[in-house]
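To start, the structure under review is shown below, and the notes come after it.
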Amino acid sequence: MTYYRYSDYLKDMYQQKVYKLPVNLPVTCPNRDGAAGSGGCIFCSEIGAGFEMLEVQVSVVEQLRRNMSYIKEKYKAEKFIAYFQNYSNTYLPVDEMMGFVQAATIENIVEICLSTRPDCLSGAHLEALAKFKQETGLAISIELGLQSVNDETLRKINRGHDVACFVHAVNKIKEKGFQVGVHLIPNLPWDTKEDIVSAARLMSALEVDTVKLHSLYVLKGTELARLYEEGSIEICGIEEYYERIILFLRHLSPRIGVQRFFGRAPKDQTLFCNWSRSWRYLQDELDTLLVKQNIQQGDRLKWSVYE
């Protein structure tokens, strides 16, 4: 095993092939409406990350059924995860959030996954989800957007929370017995390779369940686009990105599933995305490099001088 692929992680958990089905809700973010900040993160557009999702006007059930039909035919999967993906999906009153969650309990759904921010989880939200899990038997996973473990970088990208807030959220989620996923951007211009190693070690120490790495892309009309066009920032080359991924993997616990290494965005909406190559080409190139260099996830993760 070079690294613990998310597909294998899901097979180990459910003993069969399982796929995520994206669900788009009419939600926003506290970093947009003034609760935590304004303007949002500097890399985020008005539509968030919902490039491949159905319209929010389509009901939760209909979104799931349409996506399920497509995935069943293409990938021959029979079990699915309802993935509330875009924006901060716990940034809702508890009853409203649970209404959407309850609507997702259709046939062949085995897990509910909510993507959100570390500062968008209250005790009431977690209690409601815990009760739902007990009543339905469905697994619950929560994916937290962190992006960087460097507080100064978080400030520069206008994230609106710090690393301590993230650690607190992880602990509270795990207390309820939910799975925890974490989103990180390994090539933010202000982060060093040392930050990447620190990120892997923190994920390992917290015993999160999965990580999702997004290569940074530059969406038109964002604050990041302004900085990019005026030459105030530089994005590392693909060779350095691979180096960062390798460092991250070698310091990451081998029990943590890796969901992805590259982000995706429409070409006509970006100034920069994946070094003008397809994510599939980059994934194949990275996999070849990992095998060639005999990289093993966690092979440099040590906690003691005696190891």
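Only a single criterion out of (1) in a helix (DSSP H, G or I); (2) at pLDDT below 95; (3) open to solvent by less than 40 Å² (accessible area, probe 1.4 Å) is not satisfied by Met203, namely (2). What about Val167, is it touching a residue at least 24 places away in the same chain (Cβ under 8 Å) and buried (at least 18 other Cβ atoms within 10 Å of the Cβ)? It is false that Val167 is touching a residue at least 24 places away in the same chain (Cβ under 8 Å) and buried (at least 18 other Cβ atoms within 10 Å of the Cβ).
Filter region 1-31 for residues that are basic (Lys, Arg) and in a strand (DSSP E or B); which is nearest to Glu55 (Cα to Cα)?
Lys20
If you filter region 251-272 down to residues that are under 13 Å from Val211 (Cα atoms) and among the basic types (Lys, Arg), you find that the one that is least open to solvent (accessible area, probe 1.4 Å) is Arg260. Taking the listed residues Thr192, Thr210, Thr153, the one that is of a type in the set (Ser, Thr, Tyr) and surrounded by fewer than 18 Cβ atoms within 10 Å (Cβ to Cβ) is Thr192, with no other qualifying. Looking only at region 281-307, residues that are open to solvent by 60 Å² or more (accessible area, probe 1.4 Å) and among the aliphatic types (A, V, I, L, M) come to 2 in all. Applying the condition of being within 16 Å of the chain's Cα centre (by Cα) and closer than 13 Å to Ile157 by Cβ to region 213-223 and asking which residue is most open to solvent (accessible area, probe 1.4 Å) yields His214. Annotation: of all residues in region 29-50 being buried (at least 18 other Cβ atoms within 10 Å of the Cβ), of a type in the set (A, V, I, L, M, F, W, C) and over 16 Å from Val218 (Cα atoms), the one that is modelled with the lowest pLDDT is Ala36. Of everything in region 51-65 that is surrounded by 13 or more Cβ atoms within 10 Å (Cβ to Cβ) and not in a helix (DSSP H, G or I), the residue that is modelled with the lowest pLDDT is Phe51.
Looking at (1) among the basic types (Lys, Arg); (2) in a helix (DSSP H, G or I); (3) surrounded by 16 or more Cβ atoms within 10 Å (Cβ to Cβ), can you tell me which one Arg226 breaks? For Arg226, the failing item is (3). Every listed requirement among (1) open to solvent by less than 20 Å² (accessible area, probe 1.4 Å); (2) of a type in the set (Val, Ile, Thr); (3) not in a helix (DSSP H, G or I) is met by Ile245 save one, (3).
For region 229-242, which residues satisfy the criterion of being charged (D, E, K, R) and either touching a strand residue (DSSP E or B) at 6+ places or on another chain (Cβ under 8 Å) or in a loop (DSSP other than H, G, I, E, B) (or both)? Glu229, Glu230, Glu234, listed by residue number.
Within region 65-88, the set of residues being among the hydrophobic types (A, V, I, L, M, F, W, C) and within 15 Å of Asn108 (Cα to Cα) comprises Met68, Ile71, Ala77, Phe80, Ile81, Ala82. Screening region 104-137 for residues that are of a type in the set (A, V, I, L, M, F, W, C) and in contact with a Ser or Thr (Cβ under 7 Å, 6 or more places away or on another chain) and picking the one that is farthest from Val163 (Cα to Cα) gives Cys113.
Within region 251-275, if we keep just the residues that are at pLDDT 95 or above and among the small types (Gly, Ala, Ser), the residue that is farthest from Met203 (Cα to Cα) turns out to be Gly257. Where helices (runs of 4 or more DSSP H) sit wholly within region 83-164, those with at least 2 residues that are under 21 Å from Val182 (Cα atoms) and within 19 Å of the chain's Cα centre (by Cα) occupy 151-156.
The values are calculated or read from the model by the stated rules, or taken from the named source; none is laboratory data. Keep in mind that what you see is a predicted model, and the values were worked out from it rather than measured. Note that each Cβ is placed from the backbone with ideal geometry, even for glycine, and that neighbours are counted across all protein chains shown. Just so you know, the surface numbers come from the protein's heavy atoms only, side chains and all, with ligands and any DNA or RNA stripped out. Shrake-Rupley method; radii C 1.70, N 1.55, O 1.52, S 1.80 Å.
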